[in-house]
Amino acid sequence: MADPPADRRRAGLPRLVALDALVACLEDRISLDRALERDRRFGLLEARDRALVHTVTTETCRRLGQIDALIAASLERPLSARARNVRAILRLGIAQLLFLGFAPHAAIDSSVRLAHARARGMAPLVNAVLRRLQREGRTMIAGQDPSMLNTPSWLYRSWRDAWGGASASAIARVNLERPELDVTVVDDAETWAARLGGRVLSTGSIRVPSAGVVRDLSGYECGRWWVQDTAASFPARLLGDISGRRVLDLCAAPGGKTAQLALAGARVTAVDVSGKRMERLQGNMERLGCTIETRIADAATWRSPTPFDAVLLDAPCSGTGTIRRHPDIPWTRNQTDVRRLASLQRRMIANALANLSGQGVLVYAACSIEPEEGEAHLDHLGHGCCIDAIHPDEVPGLEEAVTGEGCLRVLPTHLAREGGLDGFFVMRLRQSGEAGTSIV
């Protein structure tokens, strides 16, 4: 998408990119990452401008419930459904003015310029609303309930029913915190923690307080570490000793778990349905010095002529365990998505088992905290497969997250003293020796 030169001068290209991404995300339910990825202008911005776009859009999504309540309180009548651009301009302006601490004149002036460029005739309204919130916004925020406002009711009810009211409230609060950066290192975690100005977590990952531009950090280009939330580092470990063994990595891109498998000595075949995502995975493998085999295929149907010793299935899911990193998820997902994805996951588990040797092991993982995408799958296990229980000593730092069934259920509130982590579910399956391995 290109903008006329006059629009760029008036509004500033980074904020135009932010506006278009936010409209695509919140009005059309396209993930924020995808909205930015498909906008060629974003990739052409300087690093600091890309960081600005990312900051203002993610914080707008993180505080969307509060922001919309402020807008509603500042207008005599609601904006029409067609007022997509002016609604997004107000949302971005309020995020900058009240939640990011931008200078008021900068937040208001840039929003008015956006209105001139993309919401003709609405600049006076944008100016009036933001001027009012500059005066009264802090007082209005003091009377809000951030946890409830910023969590859609369907999602909060799901958490309350599954984990209890206290946990649901705690998860909602954690999701409002801006996360630090986690990385997995090839070796020598203590040395790299010192170089990056971070600290080694009890899980073995390094947590970096302020990352800046990731590619500019020491050790990135030479492949000594890769970005990976500490939660995401556990599923690959739960395959056990895989040195020299054939391992199938399903839904592999962008390759964090693939790198773990390859660096552990496995002969890895990575499968992903997206050719573009597979290009990214291959680039990451080259940077890290990992040699793997790749296949562009559907993990729900792809079959190998030769069974594998182990399979890792990092299934597509609602991602509700990663809201602190992807705060657009509550506004781009719904209950129908959860049910659809749970059905897809069951098909993928069945196909993963079909690619497994008789003595092999399958690890299923999903970064969701919805029971339908985790614990509920246990009710669908058919004859021929059984749970291989995960033991607490296999998950240092997360021993309390091992369930009675021998699965791993992590909530974003775990490791609270270390700053939390993504929520996820992991189960490990083996062939039971009975005929008809299946999931129903």
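The values are calculated or read from the model by the stated rules, or taken from the named source; none is laboratory data. The structure presented is a predicted model; accordingly, all values stated were derived computationally and were not measured. Positions of Cβ are backbone-derived with ideal geometry, glycine not excepted, and every protein chain shown enters the neighbour counts. Side chains are part of the model used for accessible areas, which takes the heavy atoms of the whole protein and leaves out ligands, DNA and RNA. Shrake-Rupley method; radii C 1.70, N 1.55, O 1.52, S 1.80 Å.
Determine which member of the set Ala194, Ala162, Ala189 is more than 18 Å from the chain's Cα centre (by Cα) and within 22 Å of Arg409 (Cα to Cα). Talk me through it step by step, then tell me what you get.
Details: Ala194 fails: within 22 Å of Arg409 (Cα to Cα); Ala189 fails: within 22 Å of Arg409 (Cα to Cα).
Residue meeting the stated conditions: Ala162.
Is at least one residue of the range 230-251 within 18 Å of Asp187 (Cβ to Cβ) and of a type in the set (Asp, Glu)?
Narrowing the range 230-251 to residues within 18 Å of Asp187 (Cβ to Cβ): 230, 233, 236-237, 241-243.
If we keep only those that are of a type in the set (Asp, Glu) as well, we get 241.
Yes, there is a match, as at least one residue in the range 230-251 is within 18 Å of Asp187 (Cβ to Cβ) and of a type in the set (Asp, Glu).
Among the candidates Arg178, Arg237, Arg195, Arg215, single out the residue that is touching a Ser or Thr at 6+ places or on another chain (Cβ under 7 Å) and among the charged types (D, E, K, R).
Details: Arg178 fails: touching a Ser or Thr at 6+ places or on another chain (Cβ under 7 Å); Arg237 fails: touching a Ser or Thr at 6+ places or on another chain (Cβ under 7 Å); Arg215 fails: touching a Ser or Thr at 6+ places or on another chain (Cβ under 7 Å).
It is Arg195.
Of the residues in the range 282-302, how many are open to solvent by 10 Å² or more (accessible area, probe 1.4 Å) and either in a helix (DSSP H, G or I) or touching a His at 6+ places or on another chain (Cβ under 8 Å) (or both)?
6
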Which of the residues that make up the range 132-160 are open to solvent by 50 Å² or more (accessible area, probe 1.4 Å) and either aromatic (Phe, Trp, Tyr) or not in a helix (DSSP H, G or I) (or both)? Gly143, Asp145
Could you check the range 324-377 and list, in sequence order, the residues that are in a helix (DSSP H, G or I), of a type outside the set (S, T, N, Q), within 13 Å of Leu155 (Cα to Cα) and within 17 Å of the chain's Cα centre (by Cα)? Ile329, Pro330, Trp331, Asp337, Val338
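This table checks each residue for (1) of a type in the set (S, T, N, Q); (2) within 28 Å of Cys385 (Cβ to Cβ); (3) at pLDDT below 95.
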position	(1), (2), (3)
Ser304	yes, yes, no
Phe308	no, yes, no
Pro327	no, no, no
Arg333	no, no, no
Arg340	no, yes, no
Leu344	no, yes, no
Arg347	no, yes, no
Where Ala72 falls short, out of the listed (1) touching a Pro at 6+ places or on another chain (Cβ under 9 Å); (2) closer than 21 Å to Asn175 by Cα: (2)
Given (1) in contact (Cβ under 8 Å) with a residue 40 or more places away in the chain; (2) of a type outside the set (A, V, I, L, M); (3) closer than 23 Å to Asp393 by Cβ; (4) surrounded by 17 or more Cβ atoms within 10 Å (Cβ to Cβ), index of the condition Asp249 fails: (3)
Residues of the range 101-118 being on the phi < 0 side of the Ramachandran plot, open to solvent by 10 Å² or more (accessible area, probe 1.4 Å) and out of contact with any Lys or Arg (no Cβ under 6 Å at 6 or more places or on another chain), in sequence order, are Phe102, Ala103, Pro104, His105, Ala106, Asp109, Val112, Arg118
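Looking only at the range 258-274, which residues are in contact (Cβ under 8 Å) with a residue 60 or more places away in the chain and surrounded by 19 or more Cβ atoms within 10 Å (Cβ to Cβ)? Spell out the reasoning first.
Residues of the range 258-274 that are in contact (Cβ under 8 Å) with a residue 60 or more places away in the chain, as a first pass: 259-260, 263.
Hits for the range 258-274 are Ala259, Gln260.
From Ser74, Ser31, which residue is farther than 19 Å from Ser110 by Cβ and among the hydroxyl-bearing types (Ser, Thr, Tyr)? Let's see the steps before the verdict.
Working: Ser74 fails: farther than 19 Å from Ser110 by Cβ.
That would be Ser31, the only listed residue that is farther than 19 Å from Ser110 by Cβ and among the hydroxyl-bearing types (Ser, Thr, Tyr).
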Consider Cys290 against the criteria (1) touching a helix residue (DSSP H, G or I) at 6+ places or on another chain (Cβ under 7 Å); (2) under 21 Å from Met348 (Cα atoms); (3) free of Cβ contacts under 8 Å to residues at least 60 places away in the same chain: it satisfies all of them except one. Which criterion is unmet? (2)
Given (1) more than 31 Å from the chain's Cα centre (by Cα); (2) open to solvent by less than 60 Å² (accessible area, probe 1.4 Å); (3) within 16 Å of Gly12 (Cα to Cα), index of the condition Val129 fails: (3)
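Looking at Pro392, Pro396, which is the one that is more than 24 Å from the chain's Cα centre (by Cα) and open to solvent by 50 Å² or more (accessible area, probe 1.4 Å)?
Pro392
For residues in the range 303-323 being more than 19 Å from Leu155 (Cα to Cα) and out of contact with any helix residue (DSSP H, G or I) (no Cβ under 7 Å at 6 or more places or on another chain), which is most open to solvent (accessible area, probe 1.4 Å)?
Filtering the range 303-323 down to residues more than 19 Å from Leu155 (Cα to Cα) leaves 303-315.
Okay, now just the ones that are also out of contact with any helix residue (DSSP H, G or I) (no Cβ under 7 Å at 6 or more places or on another chain), so 304-310.
Numbers: Ser304: 27, Pro305: 131, Thr306: 72, Pro307: 66, Phe308: 2, Asp309: 45, Ala310: 1 Å².
Checking each candidate, the answer is Pro305.
Picking from Gly420, Gly406, which residue would you name as being touching a strand residue (DSSP E or B) at 6+ places or on another chain (Cβ under 9 Å), over 20 Å from Cys251 (Cβ atoms) and assigned to a loop (DSSP other than H, G, I, E, B)? Outline the logic, then answer.
Working: Gly420 fails: touching a strand residue (DSSP E or B) at 6+ places or on another chain (Cβ under 9 Å).
Step by step, each of Gly420, Gly406 is checked, and only Gly406 is touching a strand residue (DSSP E or B) at 6+ places or on another chain (Cβ under 9 Å), over 20 Å from Cys251 (Cβ atoms) and assigned to a loop (DSSP other than H, G, I, E, B).
The rows are residues; the columns are (1) part of a helix (DSSP H, G or I); (2) among the β-branched types (Val, Ile, Thr); (3) in contact (Cβ under 8 Å) with a residue 12 or more places away in the chain; (4) open to solvent by 20 Å² or more (accessible area, probe 1.4 Å).
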| site | (1), (2), (3), (4) |
| --- | --- |
| Asp33 | yes, no, yes, yes |
| Leu52 | yes, no, yes, yes |
| Val56 | yes, yes, yes, no |
| Glu59 | yes, no, yes, no |
| Ile67 | yes, yes, yes, no |
| Ile71 | yes, yes, yes, no |
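Answer yes or no: is there a residue in the range 160-174 that is aliphatic (A, V, I, L, M) and in contact with a Gly (Cβ under 9 Å, 6 or more places away or on another chain). Steps first, please.
Initially, the range 160-174 is screened for residues aliphatic (A, V, I, L, M), giving 162, 166, 168, 170-172, 174.
Still in the running and in contact with a Gly (Cβ under 9 Å, 6 or more places away or on another chain): 171, 174.
The answer is yes, given that some residue of the range 160-174 is aliphatic (A, V, I, L, M) and in contact with a Gly (Cβ under 9 Å, 6 or more places away or on another chain).
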When the residues of the range 161-187 are narrowed to those that are within 26 Å of Ser218 (Cα to Cα), among the β-branched types (Val, Ile, Thr) and out of contact with any helix residue (DSSP H, G or I) (no Cβ under 6 Å at 6 or more places or on another chain), which ends up most open to solvent (accessible area, probe 1.4 Å)? Val186
Per the filter on the range 214-245, residues in contact (Cβ under 8 Å) with a residue 60 or more places away in the chain and more than 20 Å from Glu286 (Cα to Cα) are Asp229, Thr230, Ala231, Ala232, Phe234, Pro235, Arg237, Leu238, Leu239, Gly240, Ile242, Arg245
